[in-house]
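Here the structure comes first, spelled out in structure tokens, and everything after it is commentary.
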Amino acid sequence: MRWVEPNWIKVREYGKGKLKIAVLSDIHLGAYKGTAFLENVVAMVNEMEPDVVFLPGDFVYMARDLGALLAPLKNIGAKMYGVLGNHDIKPTGEFTRKTMYR
């Protein structure tokens, strides 16, 4: 699970409604995935042209340079809303929160 699942990107479509929502969950950048992975995910999201993107946490895992790691999120072409997950709170909590707001 450590090597396959972290690099597994699932895309699912439900219905044909008017509102397109993308959810990016458990990205876990840091120890095993870096900026290139997130750039790929952002490109996939932008290709789908969502109206809104939800980020339900766990952005990092044992990460240090959060600004650089999370920079590709700035390229998402939709409104984003997110919350911190348990991996974001410990050990980098406040720093992760401030970096995400930037």
Revision key, fill the gap. Computed D for the range 27-76, Stokes-Einstein, Kirkwood radius over alpha-carbon pairs, 37 °C, 0.692 mPa s, to the nearest µm² per second, is 293 µm²/s
**Study point:** Accessible area (Å², 1.4 Å probe, nearest 10) - Lys98
**Key:** 110 Å²
Study note, to complete from the structure: Heavy-atom accessible area of Ile21, protein chains in place, probe 1.4 angstrom, given in Å² to nearest 10, is 90 Å²
Review point. Long-range amide H contacts for Lys20: which residues qualify at under 5 Å (H placed 1.01 Å from N, peptide plane, sequence gap of 5 or more or a different chain)?
Key: Asp51, Val52
Check your understanding: Got a number for the accessible area of Met62? Probe 1.4 Å, square angstrom, nearest 10.
Key -> 140 Å²
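The values are calculated or read from the model by the stated rules, or taken from the named source; none is laboratory data. Worth saying up front: this structure is predicted, and the values here are computed from it rather than measured. The protein model used for the area step is the full one, side chains on, heavy atoms only, and it has no ligands, DNA or RNA in it. Shrake-Rupley method; radii C 1.70, N 1.55, O 1.52, S 1.80 Å.
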